[in-house]
Amino acid sequence: MPIATLSLHSLGYCCQKSPPFSLKSSFLSKPTKTQFSFAFKTTEKRPFSHIVSMSMEAGIGVMGTKLGMMSFFETDGTVVPVTVVGFREGNIVTQVKTLATDGYDAVQVGYRRVRDKKLTKPELGHLGKAGVIPMRHLQEFRLQSVGEFETGQKLAVEEIFKEGDLVDVSGTTIGKGFQGGIKRHNFKRGQMSHGSKSHRALGSIGAGTTPGRVYKGKKMPGRMGGSKRKIRKLKIVKIDNELRVVMIKGAVPGKPGNLLRITPAKIVGKNIPKS
């Protein structure tokens, strides 16, 4: 029976560091995994892990309604432009999600009470299971720990925030409709004299045969506004418990009546881990 002999000295310099030995096997016999382990790479299937791309919040937040802007006079006479945010009935915990049941830790909060006929049957069933009132808006706040929250718990603004705190406010910006490049992207216009052939036109949008197309992301006229925007690190100037309003320094996205999401400001290393 023919016998084949293979020495590791013939495999190259990388294999010469190992002690020399020979492998003898019959052509008719089935090679074992140990004999040819150097020639084949074994692949192991990695366990499937559910990845959640939702960003981590610095703490539990609330939802509110933008009422408008006004001037606020501080004790030293300084005039501060503030946005007044009101709070309707709501900000109630409707669901607590844990790592064991949902794959991540988060708290779902409902806001703005509505009539039953304004919601669908699945929405009414979800809120009815939690034992809370019908609410229009449901949003999640992903947290590092949710042990202190329970279904039906009411979130009070004065207990979560205090005057002087920094918050992140997100909402939907005012829709501007279809706009040109000058208003949408701050392009410069051409000369307005009689001989100019380009006053507010966009201009060239690409080359010729090469690349023969318009690059993705090219700034051009289109729909402006009506997108989600977050303004970070705004200061809470005053909290009025009688009027149930919060005054936040500066402007926030949206027009009066829009929904706002207010969360503690993210400060890396202080309330958000560096990793």
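The values are calculated or read from the model by the stated rules, or taken from the named source; none is laboratory data. Given the structure is predicted, the values throughout are model-derived calculations rather than measurements. Cβ atoms come from the backbone with ideal geometry, glycine included; neighbour counts cover every protein chain shown. Remember, those area values only see protein heavy atoms, side chains included, never the ligands or the DNA or RNA. Shrake-Rupley method; radii C 1.70, N 1.55, O 1.52, S 1.80 Å.
Using only the C-alpha atoms, the convex hull of the stretch 144-275 corresponds to 230 Å³ per residue. Rolling a 1.4 angstrom probe over the protein heavy atoms, how many square angstrom per residue are accessible across the stretch 217-260? With all protein chains present, the stretch 217-260 gives 64 Å² per residue. Rolled with a 1.4 Å probe across the full set of protein chains, the surface gives Leu67 an accessible area near 100 Å².
Rank these residues by their accessible area, most exposed first, probe 1.4 Å: Met70, Met56, Met135.
Working: Met70 80, Met56 60, Met135 5 Å².
So, going from the largest accessible area down, we get Met70, Met56, Met135.
Heavy atoms only, probe 1.4 angstrom, no DNA, RNA or ligands counted: give me Tyr111, Tyr215 ranked by accessible area, highest first.
Listed by decreasing accessible area, they come as Tyr215, Tyr111.
Which of Lys66/Lys154; Lys154/Lys270; Lys66/Lys230; Lys238/Lys270; Lys66/Lys228; Lys118/Lys230 have a Cα-Cα distance over 18 Å? The answer is Lys66/Lys154; Lys154/Lys270; Lys238/Lys270; Lys118/Lys230. Per the Debye calculation on the stretch 90-156 with a single equal scatterer at every Cα and no solvent contribution, log₁₀ I(q)/I(0) for q = 0.13, 0.16 Å⁻¹ amounts to -0.34, -0.50. What does the charge add up to near Lys162, with Lys and Arg as +1, Asp and Glu as -1, over the other residues with Cβ less than 14 Å from its Cβ? Spelling it out: positives minus negatives among the neighbours equals -3. For the stretch 124-168, the solvent-accessible area works out to 58 Å² per residue, with a probe of 1.4 Å and every protein chain left in place.
Share of carbon and sulfur in the accessible area of the stretch 90-156 stands at 46%, probe radius 1.4 Å.
Taking all protein chains together and a 1.4 Å probe, the residues Thr209, Thr98 rank Thr209, Thr98 from largest to smallest accessible area.
Counting only protein heavy atoms and using a 1.4 Å probe, the accessible area of Glu159 comes to about 150 Å².
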